[in-house]
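Taking it in order: structure first as structure tokens, then the write-up.
The values are calculated or read from the model by the stated rules, or taken from the named source; none is laboratory data. Note that this is a predicted model, so its numbers are computed, not measured. Using ideal geometry, Cβ is built from the backbone for each residue, glycine included, and neighbour counts are taken over all protein chains shown.
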Amino acid sequence: MIFTVTLNPAIDQTLVLERFVAGDTLRVKSSRFDPGGKGINVSRVVRELGGESVAMGFAPGGLGRYIEQTLKAQGVKCDFVHTKGEARTNITIIDESRHMHTILSDPGPQTEDRSAEQLLSKLRKRLHANDWLVVAGSIPPPLSPDIYAEMITMARENWVHTVLDADGPALVIGVTARPEMVKGNRRELERLLGRRLGDESSSLEAAEVLRGMGVRMAVVTRGREGAVAVSDEGSWRSVAPRVRAVSAVGSGDGFLAGIVLSLSRGDNMEDALRLGVAAGTACVLTPGTELCRRREVDILQPRVKVQRIEPQPALAQGS
């Protein structure tokens, strides 16, 4: 079973405007609401691709209950800790005339330490050997980023496959717990490692640095340039098919969902990258915070190019 943890869930509202002008009164062409948060998005895509997962984490206030009810209506299993406060609302403004997105992100409600203890207790009871645990996204204040490391350590001790997708201190501290996989985009890993990842070679070097920190599988997404992955099986590059992008929101979560679902089924990294890239690419075909559709994923998957990267031969001494 795949379990996802979202500590800072959100209602994602997408507003489509012909043109966004600051300080003016604007007419909204269309609006939609979706349950959001990285782990929740992974669970939604896993469900869309025919897999099963359990979405866990916090469900603050009435909006938290709305998120939970919406997920259940979509066929996603849930086991949230109900907390005080109110779930945040993230607003994505789409300017159609300039093909621009403006995102307003709420930090989330204050969360008590005892809620974290309740969640860890739920995880201990649910996780079994060979399950997959995805911890992803931001951490609500004032909880310490140590919570991710604690979850990963507990899961690893129970022979659970662990995946980390985070940024800032949550990523820095989470990596110290040696998750089995770290998925990060170029900017997130630049902040983690304090170096610029301007090309494929530097992204591969970053993945190798993560491997040296005890991460068995390191995946670096590079936007339109695709993704690279390094694991015990070797190194790969993956290139997405060219499409007309509508919105990049959620594409990284779709990518991660495809990879984890594939690996949980026993596929190798090459096949996992193919499904992940197809799912991530399908997400950019949908507006705002709407995620991928299985039909588009099935069409795109055979068009994804995945190549093994052969190690460069060492230069002979004296040459």
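Some notes on this structure:
- Matching residues, the range 209-228, being assigned to a loop (DSSP other than H, G, I, E, B) and either farther than 20 Å from LEU256 by Cα or over 20 Å from the mean Cα position of the chain (by Cα) (or both): MET213, GLY214
- Complete set of residues in the range 9-67 that are buried (at least 23 other Cβ atoms within 10 Å of the Cβ), assigned to a helix (DSSP H, G or I) and aliphatic (A, V, I, L, M): ILE40, VAL42, VAL45, VAL46, ILE67
- Only listed residue being in contact with a helix residue (DSSP H, G or I) (Cβ under 7 Å, 6 or more places away or on another chain), under 21 Å from GLU270 (Cβ atoms) and free of Cβ contacts under 8 Å to residues at least 24 places away in the same chain, chosen from ALA206, ALA229: ALA206
- When the range 37-69 is filtered for residues that are under 16 Å from the mean Cα position of the chain (by Cα) and among the small types (Gly, Ala, Ser), the ones remaining, listed by number, are GLY37, GLY39, SER43, SER53, ALA55, GLY57.
- Residue in the range 252-267 that is charged (D, E, K, R), buried (at least 19 other Cβ atoms within 10 Å of the Cβ) and either under 13 Å from the mean Cα position of the chain (by Cα) or in a loop (DSSP other than H, G, I, E, B) (or both) present: yes
- Scan of the range 108-119 for residues that are buried (at least 19 other Cβ atoms within 10 Å of the Cβ) and part of a loop (DSSP other than H, G, I, E, B), ordered by number: GLY108, PRO109, THR111
- Inspection of the range 186-208 finds no residue satisfying the criterion of being part of a loop (DSSP other than H, G, I, E, B) and under 21 Å from PHE3 (Cβ atoms).
- Residues that are within 14 Å of PHE58 (Cα to Cα) and surrounded by 21 or more Cβ atoms within 10 Å (Cβ to Cβ), drawn from the range 74-93: PHE80, VAL81, THR83, ALA87, ARG88
- With respect to the conditions (1) assigned to a helix (DSSP H, G or I); (2) in contact with a strand residue (DSSP E or B) (Cβ under 6 Å, 6 or more places away or on another chain), TRP236 falls short on a single one, namely (1).
- Sole residue being more than 20 Å from ALA170 (Cβ to Cβ) and either at pLDDT below 95 or touching a Gly at 6+ places or on another chain (Cβ under 7 Å) (or both), chosen from VAL76, VAL16: VAL16
- Out of GLU157, GLU117, GLU112, GLU150, one residue alone is under 24 Å from HIS82 (Cβ atoms) and without any contact (Cβ under 8 Å) to a residue 24 or more places away in the chain. It is GLU117.
- Qualifying residue in the range 125-139 (condition: surrounded by fewer than 18 Cβ atoms within 10 Å (Cβ to Cβ), closer than 17 Å to ALA170 by Cα and among the hydroxyl-bearing types (Ser, Thr, Tyr)): no
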